[in-house]
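Step one of this worksheet: look at the structure below.
Where a number appears in this text, it was derived from the coordinates with a stated rule and is not lab data. Source: prediction; values computed, not measured. Positions of Cβ are backbone-derived with ideal geometry, glycine not excepted, and every protein chain shown enters the neighbour counts.
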Ligand code: NAP
């Protein structure tokens, strides 16, 4: 430890894992500065959780309480790798914790993937949630049929968003540009494709059940898809199969929209006009299930194919981390190279550098999963503190006042917690007038202006 300097930690990323880590480090006696590339906190709770799930977003209250701690500070609008460097942080903190999540998407690796009308769900979700980096993205939302690839909760979120009634969306904090575009597009049918079977889907039960309660969409499942399923050991998956059986047995109520779950289907090609014109359909391979030697159930192509005509494809096959600021990266897993949260270079720990959340373990679990994950990383940090293995900051640069001065000079437009409270009040006021939780500001300039009290 550096003499006369309290233990100080930087957390890069103000999402759930960043906030749980902040809370636990504050309780362990650290001073904590949380950085985020955006002027706003809360990561995927603000820019990922579906806008029609306000209850899930209420966890923000817990994070806001953490932020009231006197040793907590927030520096929004400061991007690691462009505004500041890894070395500048390690020179200023005993512990630097990377909590910036997995920002990009997995690729299908098939022809036509980048045609207009075929988009990664990661960007689509960020766009409808008003993430400023995606607000100007042009999504060509054609009416008629949309295909969503993937059988996880994100696939369910985007499928549901596409068939919600405009009046249901109007009561949420969905970005205004998206409410308008959804209304204009008029998607009437969504086909959700799973490459494996109903018992292998990654949905959680409440999310799958919600599909059966949609106001204006019938949920359609072919009973044949469920015919050969034997005992399912995992409780969530067993319940998923039961819910899907209920759907398969349910006669359509003649609602205006359809949402179909189709299993054992892998997209082989996104078809469209000319070589790189808009999407017109998907060529799909039909699979069977085979069990590998290690017991994993895998999709194997049967060689049979089918065509699905559609004007929109959303690829929702998982998130992937990106290499940032020279931090050691495990290319195969798409994560920061780490051992139990300690960042490692060629297997050797980098003193004072840690990872937490999705960029540590991969994009899995629900929001609460990050609390335990944060506890594991914080346990490594406190072990290292006791063993004298933390980073050694430069005392001239490291105290709280010196860090503020450095940031004022380096990133003059950054937004502090007080600034976020101004943004929050402003957005809530706009929302109140419309009977919505908030109206999100989606331009970086406007967020910074409001955050500076201008
Ligand atoms: P996910 O749960 O990992 O699901 C990814 C899906 O993509 C799986 O069905 C996977 O199938 C499929 N897939 C992967 N590669 C594929 C390929 N090449 N071709 C076809 N399909 C492919 O990921 P996610 O939906 O992005 O969600 C990320 C995490 O956030 C999850 O833990 C999720 O539960 C959580 N989340 C929770 C909520 C909520 O609680 N309401 C909402 C959204 C997200 P295989 O299984 O065959 O690999």
Report the far tail of the P(r) of the range 64-137, meaning the percent of Cα-Cα pairs longer than 15 Å.
73
Using the alpha carbons of the chain, what is the convex hull volume per residue in cubic angstrom, as a whole number?
155
Nearest-ten-degree value, helix 417-434 long axis tilted from longest Cα axis of the chain:
30
Using alpha-carbon positions, what is the distance between the centroids of the range 1-74 and the range 151-221, in Å?
30
Sorted peptide list for 228-236, 335-343, 382-390, criterion being average Cβ within 10 angstrom, highest first:
335-343, 382-390, 228-236
Share antiparallel - DSSP beta bridges, the chain, percent rounded to 5:
40
Would you mind putting 165-171, 347-353, 259-265, 291-297 in packing order, based on average other-beta-carbon counts within 10 Å, highest first?
259-265, 347-353, 165-171, 291-297
Mind sorting 160, 429, 315, 258 by how few other Cβ atoms lie within 10 Å of their own Cβ, fewest first?
429, 258, 160, 315
Largest first and to the nearest Å, give the Cα extent of the range 106-318 along each principal axis.
47, 39, 31
Packing-ranked peptide list from 272-282, 108-118, highest mean Cβ count within 10 angstrom first, is 108-118, 272-282
